[in-house]
1. Checking Ser194 against (1) out of contact with any strand residue (DSSP E or B) (no Cβ under 6 Å at 6 or more places or on another chain); (2) under 20 Å from Tyr304 (Cα atoms): exactly one of these is not met. Which one?
2. Quickly run through segment 51-63 and pick out the residues that are more than 16 Å from Ala22 (Cα to Cα) and surrounded by fewer than 16 Cβ atoms within 10 Å (Cβ to Cβ).
3. Filter segment 96-155 down to residues that are among the aliphatic types (A, V, I, L, M) and in a loop (DSSP other than H, G, I, E, B) and give me whichever is surrounded by the fewest Cβ atoms within 10 Å (Cβ to Cβ).
4. Could you check Leu278 against (1) out of contact with any Phe, Trp or Tyr (no Cβ under 6 Å at 6 or more places or on another chain); (2) surrounded by fewer than 24 Cβ atoms within 10 Å (Cβ to Cβ); (3) not hydroxyl-bearing (Ser, Thr, Tyr) and say which number it fails?
5. Quick one: which residue in Ser345, Ser337, Ser332 is over 21 Å from Tyr246 (Cβ atoms), in contact with a helix residue (DSSP H, G or I) (Cβ under 9 Å, 6 or more places away or on another chain) and crowded, with 22+ Cβ neighbours inside 10 Å?
6. Condition test on Ser322, is it buried (at least 22 other Cβ atoms within 10 Å of the Cβ), at pLDDT 95 or above and among the small types (Gly, Ala, Ser)?
7. Please work out which residue is farthest from Pro184 (Cα to Cα), limiting yourself to segment 123-166 and to residues that are touching a Leu at 6+ places or on another chain (Cβ under 6 Å) and among the aromatic types (Phe, Trp, Tyr).
8. Looking at (1) within 18 Å of Asp135 (Cα to Cα); (2) touching a residue at least 40 places away in the same chain (Cβ under 8 Å), find the lone condition where Leu47 falls short.
Amino acid sequence: MASKKNYKAKKRLEYKAPDFTATNIELEFNLSDEYTQVKSVTRYQRLTSDRKAALRLDGQDLELVEVLLNGHPCDSMVEGDCLVIENVPDDFELTVETVIAPASNTSLMGLYKTDGVFCTQCEPEGFRRITYFLDRPDVLAKYKVTIVGPEYGCGVLLSNGNLVASGTKNGRNFCTWEDPFPKPSYLFALVAGSFDIIKDTYKTKSGRNVSLELYVDRGAYERGLWAMESIKQSMKWDESRFNLEYDLDNFKVVAVDFFNQGAMENKGLNIFNSIYVLVDPHTATDTNYFNVQSVIGHEYFHNYTGDRVTLRDWFQLSLKESLTVFRDQEFSSDVASRALTRLQSIDVIRGTQFAEDAGPMAHPVRPEKVMEMNNFYTVTIYDKGAEVIRMIHTILGEEAFIKAVNDYLTRYDGQAATIEDFIVSMEVSSKKDLAQFRLWYTQAGTPHVRASWEFDEQSSLFTLNLSQTLECGVPLKNASAMYIPIRMCFIDGKGNIQNSPELDESGILIFNQDEQSYTFTNLSADTLPVLFMDFSAPVKCFAPYTDDDYSLMLKNVADPFIKKDSATSLINNYVHGHIDKIASGGTLPDPVAIIDAIGFLLTDKSVDPLLVCELIKIPSVNELIETFKVVDLDSLIAIRDFIEKQVALSLADTFKTVYENNRLRGSYKYNIKDASKRALRNSALYMLALARKESEKVAEADALVLSHYEKANNFTDKLAAMTCAVHLELPCKGLILENFESEWQHDALVFDNFFRVQGSAPSEETVYTVRKLMRHKRFDKINPNRVRALIGSLAFNNPKALHKIDGTGYLLLSDVVQELDGINQHIAARLITPLLSFKRFDAKRQEMMREVLHKLISKDNISSSLYEKISAAIGS
């Protein structure tokens, strides 16, 4: 690990084309736990006119054995993380032999071995941990890979492309794979181990048969069937929606338990975290099923938007990720529920992404400087980027957008492109001017749109006034007005839709100046503008709506986002209007408007039953924190608890009816209709149990939840009951946890829920519970899934425990981060995120968080990932 004094940011504008490129590479792996031999034979060509330019190859944690130039020994030297070779010809073959130790590689980058499986993760800069190479995305080469492994335990040897040879030699298995498509090093993949194989075939629209293979843990065959079905759904959808047909003879997916990310789109050989592959009714929830389908789609869609057209440099990351996230959202919308998928996508923006924009790590969709690229796999790059793509789709329209994307993919096929290339393609294909729209890629922060309106009785003119500012957690220079599409409509005082000729059928208003006013006719004095329907732009809108206005929109506007936003706004208004009463010891009034709104959503037949559970959610503490510049956390937690309890008590009979009416008969089936019923019923279970507990009927609440757990014929219901028992601290908590632990302790993936439910329990005592669970025999600090389940649940989903006023939550997180930083810096850097926004909290908590951050950054061996994030927060 380099000294922190040497950590320097790379800047986008400093990009320099490579002096050399690689056209072909042949790799040979002789696999062994601690002594894997890697031989690479690469054809390099000079690109620069500078004949004195040396070949500089990236490498990290490698033991160099031999370097040959055109088959002969040559002078070379290792300078830090580079292998430097002077005086090379314009076209030559370079052989490099290295030795690596996969079993000791806890970073899970490059080639590593865990649980008996050899596996790679090369994005963004992991290939340099395998051999010396031009490890950058703008160098595309054709790969031929031979893998040699022990006969026992390595019956499966996989890499990208097509199998061209296999067999056994000297008691060791070997396979040779050849990929006909040039690709950057980050898309290289290797997996070796023992697996069950699920095989299927997909016939493309042109009539080709593609062999499908899904590799899962031994004994997990049945749990992989939904993933295989999702692969076929994804292939069919991409053909029908984007006219994109798969291009290889085979498509392989491997599920592994040790993985830093969710999945990786390596060309023709996708590697998945097992949590996004393995599901069945007894071990996975409806949410797991949905996520498997979505993530399978996302990685498959990368075949074109990421693999066939890749990136010039890592500052362009959103080029592939935002377009592919948009595509996977559209896939889920088409095969599941458009409205539900959209609401869930919006929640990510309004919660996590807006918080990122307001924090010290705020950055544009196309960052300008990066110290550690792994820190920029963010919700801004992915999800805000997807909203930017969605706005382009809105501006162009479906037909023109699909054509423009296909034109872009054709124009840059087999090349490394930039975000600018993509935007120009959109402009050329659609004849639309997106000059101002580019600001969505270059400016950090969240636009704040303020609206006001008035009706002139004499002229009968309705005027809508809009202004915009850009708010950001880091200083902005010369921010310009953004190009903001506003989908809107008008309603009158009774909730009826009003039409104005100045608003065309699209309902889209373009707002692209600091301040603008729009005049409309054919409206009435009681007209109410309904703004940002379907969340048409990722902005915060501030408008003089009253609680009555929100209630009117919630009950009369069909748009799901407007319903959700209206319900949330009623809660936000109550919280901000009464939070001071908590601190002063005052009495809180009943949240009548909130109770009325949730009661309406639960009972009115006009509300889409698929959406009810999503619409009635009370914002989490973390979501409410983001509505304050500086928050009184203890009062916020208290007032949110009060709202939840009053809703539960006031609507107890309604929740009981909902619970009984949404009972499903027969065996479990996953489909969006049944999943929505289960979600609503389980929400009702929680509120009903809470109401009974608050009514001093603890025994009734306990019996209800225990019965729900014991009678459940699926994991969704079982987990919901366990969560109720633990989070409401019911007497059955111990019994349920004991039963769950006994039943699932030998299935790590399922057992993560044991950690997750307890780590997220909203109690200050959870800090001690987590400390204890870290000593549990099933907890493994080396495994990111275990760490995310236990430590991540406390850090990201439990502000009451994390921000405990005695600082023990901060100390726990600090201890874990410090230890993990020497094991897996990427997971450590992710976990520190909740402490970076310390300025939102009271002085005492701020000081404790600062102290923890200063202590961590003072360590000489701090990783670049952790250093970058902490230094941004504290200004070091």
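1. Condition (2) is where Ser194 drops out.
2. Residues satisfying the conditions are Arg51, Lys52, Glu63.
3. Among those that are among the aliphatic types (A, V, I, L, M) and in a loop (DSSP other than H, G, I, E, B), it is Ala101.
4. Answer for Leu278: the failing condition is (2).
5. Ser337
6. Values: buried (at least 22 other Cβ atoms within 10 Å of the Cβ): yes; at pLDDT 95 or above: yes; among the small types (Gly, Ala, Ser): yes.
Yes, satisfied.
7. Tyr132
8. Every condition holds for Leu47 apart from (2).
The values are calculated or read from the model by the stated rules, or taken from the named source; none is laboratory data. Please read these numbers as outputs of a predicted model, since none were measured by experiment. Reconstructed Cβ throughout: ideal geometry from the backbone, glycine too, with neighbour counts over all protein chains shown.
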